[in-house]
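Participant: Structure below; questions to follow.
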Protein chains: 2
Amino acid sequence: MKIALAQLNYHIGNFESNTKKIIDHIQLAKDSGADLVVFAELAVCGYPPRDYLEFDEFISLCENAAQEIAKHCTEIACIVGLPVKNEILEGKDLFNAAYFIENGKVKSVTKKALLPTYDVFDEYRYFEPATSFKCIDFKGKRIALTICEDLWNINDNPLYVSNPMDELIEEQPDVMINIAASPFSYTHDDERIKVLADNAKKYNLPVFYVNQVGAQTEIIFDGGSLVFDADGVMKAEMKYFEEDLQVFDLTEVEHVRNKYPQPERLTDIEQIHDALILGIRDYFQKSGFTKAVLGLSGGIDSAVVCALACRALGAENVMSVLMPSKFSSDHSVQDALDLVNNIGCMHEIIPIKEVAESFDHILVPAFKGLPFNLAEENIQARIRGIINMAMSNKFGYILLNTSNKSECAVGYGTLYGDMCGAIAVIGDVYKTQVFELAKYINKEREIIPVNTIVKPPSAELRPDQKDSDSLPEYDVLDKILYQHIEKKQGSKAIIEQGFDETLVRKILKMVNIAEFKRYQTPPILRVSPKAFGMGRRMPIVGKHLI
Amino acid sequence: MKIALAQLNYHIGNFESNTKKIIDHIQLAKDSGADLVVFAELAVCGYPPRDYLEFDEFISLCENAAQEIAKHCTEIACIVGLPVKNEILEGKDLFNAAYFIENGKVKSVTKKALLPTYDVFDEYRYFEPATSFKCIDFKGKRIALTICEDLWNINDNPLYVSNPMDELIEEQPDVMINIAASPFSYTHDDERIKVLADNAKKYNLPVFYVNQVGAQTEIIFDGGSLVFDADGVMKAEMKYFEEDLQVFDLTEVEHVRNKYPQPERLTDIEQIHDALILGIRDYFQKSGFTKAVLGLSGGIDSAVVCALACRALGAENVMSVLMPSKFSSDHSVQDALDLVNNIGCMHEIIPIKEVAESFDHILVPAFKGLPFNLAEENIQARIRGIINMAMSNKFGYILLNTSNKSECAVGYGTLYGDMCGAIAVIGDVYKTQVFELAKYINKEREIIPVNTIVKPPSAELRPDQKDSDSLPEYDVLDKILYQHIEKKQGSKAIIEQGFDETLVRKILKMVNIAEFKRYQTPPILRVSPKAFGMGRRMPIVGKHLI
């Protein structure tokens, strides 16, 4: 039996495009001699459809699309994921399911049992877990089909009390197939490979795993679909961050080792780089835009975002706006211009001094002679926000946000100022990682000016300001933030690791207080196991004593 | 046996204040002769603690607080809600639980079975559902203790497959006690009364129900704790939107009808009015601020928010900023000043013409002679946003957002302009309801100028602009939005109700496209069964074909 894995980039709710793509790949798989083609979890509607699932009309559109797909399933069978109604009227309205389609008809429905409801996942919000399981017989082989998380209760994962494979194995299947929508983080590929290999070994069966690829706003799917033999040896690793279709002979997977070519594994920074480019590209493509705008300060954050945007959209589609104030250093403008020259994007220089002065002037009566402080600093950042948005409104450019994860964590940014934007490109990348990204971008030739990389970071909102006036050095800050955010450690545990008590308490308090700002942050492309946004839900007026 | 219900306003994560409040009310209940005092669901830490629950140190702080509370439970027993660890290492880490405390010791732990995971609720994100149930024996009576949602699988609610009371009733209890954190919406009180009465009747037992009161950012708890006799007749309805402690004699509840005084029921608009005032007050109190700022346009939205803020915080704590542009009509400024005079709040007049002109000037080269359009309209709204935030930063005022639910739905507002603010006061109130609120505010004397109420709504961002240039009349718009948002109807179903097809499709498309703006909206005080925010989670780049 020949099995094709179709690793595709879906668009949530775009039934026309998803259905066409699936039908095209059924044909492609058929032409390649496959007996069965496998599409991802919720392929019909894209993942995660969120509260679209609460609309009956949306569920009907999913069903209609699946029926249309079924018509094209002749001389080949197909597995495709979609939400289906729970007809028993007890429990949640829906199941997260997969159709097995053969001879133009839906032959069986497989339902998901383990529903991830943590981090960015909300599956139990919509779906009832399956409680009974059945293999699928096809061409003399018995298939144990599961959906994504269903294979993850292995290695004593304490999250779940049941394990579908322990029931399916009773029917003595010949092969495991798992369809997934497994979001990228730079740590996730290794976990995934281990979980699938462990399943293969535990049940002594080959495993075919197909993932989605592409970004849905902040959530990025990296592809990397996998095949393992029954000994848990990896037989194939499909492309990362790209669509791919590959056909495998089940007999060969069962017996022959290491036949298929495998791409080279990427480093963490390479993965983040590729993921962010896909994230930018899909945000634009799926929302129907082509051109971006961003403010270019001469600093490293906006430089890295500009370089990534140019790679994602083409330099000719990126407008960079230089907005010097009276506090901007000469080298800032020069560093920004050097980047523009290196990279070839569009640019405008719009000095903000005149507008800042007119704000100062009209605020004189209300401000009653009080001294320059944060209010005036923020006015400058917000003037830049207005100019960026004006360029966006006038020309249809989409504004890219350039805040990094470190400043987003401690609230070192101006709401409605530098925190504006449709999508935050490096909001899940710590400042120390931004430096690594810059070096990686410069690997072949200098794109980001060296001076941008080596000079001390500054917001330049008052004379001689440096980030280090308000924050500890980034290498210390990022380590503490990582323990608190990714590792969910409170102050006590972090101090026990040897960090300074006063500093730890100060930083954790800053993280807590900045929650009101983060609530209004643009969606942040998620590349770590714990990004700000839907995956981290904190009270705003809560008092954080941790 | 005398049972005290303590309906209190907790602050998420503020263990010091919550613990003190609980201990004070144990003493108060003791002084009133109660044998048992009952506090709400997750009273120890406040509800909803969200991802604070993922921090071990937070769970330890909950346990420590409960032990401190236990020390004060002598000569009286107490029931108090808190998260507890799941010690069996299978399933989620925690239970949503209640301690029964007697003689200074935790005597038993009751765990919640039905975990709401819809709308604003995320309980299955954190908690494992209970699967076994046991009554509590106390002073010769047997208590069936349940937690909030545990009583809601009645009347064939299809959400859940189990029903804890069906198991507890086997032990022949004498009384039901339910501790809750049941958020307010203007439809919720009637549902709650029906569910509790139906439980009393079904199990032929008296019911004591205690709710939280107070706002936690956007979620408002209205109190209204209840007592029913075994026939399902309401015996007491505690205060709405205020703390309250009442003591009930179980014998009297069993036998005597209608003894306790009940407050008069409020209309929907009265409830919304009181809820918003509580929402504003608690946002400020719990985040440690006292003074508010808002832009006053002369229109009805900002007038209503100003009036509510003055009632919540005192007029002397509210700064209103009038920011006329060259497109502002004379009557707008006069209407705003009339309101200020009627209400006695602070005000500043800061004309924006000069700043708008300097933006026009510095943008000349970049705008390349293109005609006035949305870009320039938005610049004006954003200048006002900057001024409001400058007043906030200079004086420590908190900015109130004045957008209503209708404009929030269709995206008729400027991101980073009039969409700025720390909390959106009327973001869950449709425009037609805003008019009703204005009339209710004016019930005793004219506070909101009549001209503000009767003139046609306008954003005044270009000459002679009216809302009705871009939108249908609000009474039609709001009906369509209500069907789509609250009733989750797609275009097909709404058109079948008799609404114009083109209009319905246009409006639903606007709602979909505005998702990227709503993602960056401040938290919205929730007063309806379906508010924008955590309770409605939509894809941003999703293509909405419904």
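The values are calculated or read from the model by the stated rules, or taken from the named source; none is laboratory data. Quick caveat, the model's predicted, so the values are computed rather than measured. Here the Cβ positions follow ideal geometry from the backbone for every residue, glycine too, while neighbour counts run over all protein chains shown. Note: areas computed on protein heavy atoms with side chains; ligands, DNA, RNA excluded. Shrake-Rupley method; radii C 1.70, N 1.55, O 1.52, S 1.80 Å.
Participant: Quick one: which residues, 5+ away or cross-chain, put their amide H under 5 Å from the amide H of B:D174? H built at 1.01 Å from N.
Facilitator: B:R142, B:I143, B:A144
Participant: Against the empirical 2.2 N^0.38 Å scaling, what ratio does the C-alpha Rg of region A:277-320 come to?
Facilitator: In units of the 2.2 N^0.38 Å rule of thumb, it is 1.08.
Participant: Peptide B:532-540: average number of partner chain Cβ atoms within 10 Å per residue?
Facilitator: Average neighbour count from other chains, rounded to a whole number: 6.
Participant: Order the following by accessible area, largest value first: A:V175, B:V247. Probe radius 1.4 Å; ligands, DNA and RNA are ignored.
Facilitator: Ranking A:V175, B:V247 by accessible area, largest first, yields B:V247, A:V175.
Participant: Continuing with the same structure: Which whole number in µm²/s is D for region A:2-256 by Stokes-Einstein, with the Kirkwood Rh taken over Cα pairs at 37 °C and 0.692 mPa s?
Facilitator: D = 184 µm²/s.
Participant: Out of residues 5 or more away from A:M346 or on other chains, whose amide H comes under 5 Å of its own, with H placed 1.01 Å from N in the peptide plane?
Facilitator: A:V318, A:S320
Participant: In deg cm²/dmol and to the nearest 500, what is the mean residue ellipticity at 222 nm of chain A if only DSSP H runs of at least 4 residues count, each as -39500 (n - 2.57), divided by the residue total?
Facilitator: The helix contribution divided over chain A gives -11500 deg cm²/dmol.
Participant: Using protein heavy atoms only (no ligands, DNA or RNA), what is the total accessible area buried between B and A, 1.4 Å probe, nearest 100 Å²?
Facilitator: Details: alone 23760 and 23750 Å², together 38520 Å².
In total, chains B and A hide about 9000 Å² from solvent.
Participant: Counting Lys and Arg as +1 and Asp and Glu as -1, what is the net charge of the other residues whose Cβ lies under 11 Å from the Cβ of B:L296?
Facilitator: So the environment of B:L296 carries a net charge of -3.
Participant: Now for a separate question. With charges set only on the Cβ (+1 for Lys and Arg, -1 for Asp and Glu), what does the dipole of region A:183-286 come to about its Cα centre, in debye to the nearest 20?
Facilitator: The calculation lands at about 200 debye.
Participant: For region B:336-393, run through the trypsin sites (Lys or Arg not before Pro) and keep only the ones in DSSP coil with at most 15 other Cβ atoms within 10 Å of their Cβ.
Facilitator: B:K368
Participant: To continue, here is another question. Give me the tail of P(r) for the protein assembly as shown as a percent: Cα-Cα pairs with distance above 49 Å.
Facilitator: Cα-Cα pairs in the protein assembly as shown separated by more than 49 Å: 28 percent.
Participant: Quick one: P(r) of region B:277-467 from all Cα-Cα pairs, 5 Å bins, percents rounded to integers, in order of increasing distance.
Facilitator: Using 5 Å bins, I get a P(r) of 1, 8, 17, 21, 21, 16, 8, 4, 2, 1, 0, 0 for region B:277-467.
Participant: Continuing with this model, one more query. Around A:K30, what is the net charge, scoring Lys/Arg as +1 and Asp/Glu as -1 over all other residues with Cβ under 12 Å from its Cβ?
Facilitator: Around A:K30, the surrounding residues sum to -3.
Participant: Could you size up the charge dipole of chain B around its Cα centre, putting +1 on the beta carbon of Lys and Arg and -1 on that of Asp and Glu, and report it in debye to the nearest 20?
Facilitator: On the way: 58 positive and 78 negative charges, 152 e Å.
Here the size comes out at about 740 debye.
Participant: Got a number for carbon plus sulfur as a percent of the protein assembly as shown's accessible area, 1.4 Å probe?
Facilitator: Numbers: 19430 of 38520 Å².
After summing per-atom areas, the C and S share lands at 50 percent.
Participant: Provide the descending list of Cα extents for region A:379-484 along its principal axes, expressed in whole angstroms.
Facilitator: So the extents along the principal axes, rounded to whole Å, are 40, 35, 30.
Participant: With every protein chain present, what accessible area does B:W152 have (1.4 Å probe, heavy atoms only), rounded to the nearest 10 Å²?
Facilitator: Looks like 40 Å² after rounding.
Participant: Which order, highest average first, do A:359-365, A:142-148, B:271-277 follow once you tally other Cβ atoms within 10 Å for each residue and take the mean per peptide?
Facilitator: Packing proxy ranking, top to bottom: A:142-148, B:271-277, A:359-365.
Participant: Same structure, new question: Taking H placed 1.01 Å from N in the peptide plane, check which residues at least 5 places from A:V37 or on another chain put their amide H under 5 Å from its amide H.
Facilitator: A:A4, A:A77, A:C78, A:I79
Participant: Peptides A:334-344, B:425-435, A:35-45: what's the order by average Cβ count within 10 Å, highest mean first?
Facilitator: Working: A:334-344: 19.0, B:425-435: 25.5, A:35-45: 27.5.
Listed from highest to lowest mean packing, they are A:35-45, B:425-435, A:334-344.
Participant: Under the definition of partner shielding as Cβ atoms of other protein chains within 10 Å of a residue Cβ, what is the mean value for peptide B:389-399?
Facilitator: Shielding by partners across B:389-399 averages 5.
Participant: How shielded is A:58-66 by partner chains, expressed as the average number of their Cβ atoms within 10 Å of its Cβ atoms?
Facilitator: Working: counts 5, 0, 3, 3, 0, 0, 0, 0, 0.
What the average comes to for A:58-66 is 1.
Participant: Output the residues of region A:406-437 meeting this criterion: accessible area (heavy atoms, 1.4 Å probe) in the chain alone minus accessible area with all protein chains in place is 40 Å² or greater.
Facilitator: Residues shielded by partner chains are A:Y416.
Participant: Considering only DSSP beta bridges whose two residues both sit in chain B, what percent are antiparallel, to the nearest 5? Kindly include the intermediate steps, with their values, before the conclusion.
Facilitator: On the way: 36 of 65 bridges.
Here the antiparallel bridges make up roughly 55 percent for chain B.
Participant: Place a +1 charge on the Cβ of each Lys and Arg in region A:2-256 and a -1 charge on the Cβ of each Asp and Glu, then give the dipole magnitude about the Cα centre in debye, rounded to the nearest 20.
Facilitator: Around 520 debye, computed over region A:2-256.
Participant: For region B:57-67, what does the Karplus curve 6.51 cos²θ - 1.76 cosθ + 1.60, with θ = phi - 60°, yield as ³J(HN,Hα) per residue in whole Hz, taken in order and with x for Gly and Pro?
Facilitator: 5, 5, 5, 4, 5, 4, 5, 4, 4, 5, 5
Participant: May I ask what percent, to the nearest 5, of DSSP beta bridges between residues of the protein assembly as shown are antiparallel? Kindly include the intermediate steps, with their values, before the conclusion.
Facilitator: On the way: 72 of 130 bridges.
Of those bridges, close to 55 percent are antiparallel.
Participant: If the viscosity is 1.002 mPa s and the temperature 20 °C, what translational diffusion coefficient in µm²/s does Stokes-Einstein give for chain A when Rh comes from Kirkwood over Cα pairs?
Facilitator: 85
Participant: So what's the gap between the Cα centers of region A:83-142 and region B:480-546, to the nearest angstrom?
Facilitator: If we compute the Cα centre of each part, the gap is 28 Å.
Participant: Quick one: how many Å² of A:S297 are accessible to a 1.4 Å probe, rounded to 10?
Facilitator: Taking all protein chains as shown, A:S297 has close to 70 Å².
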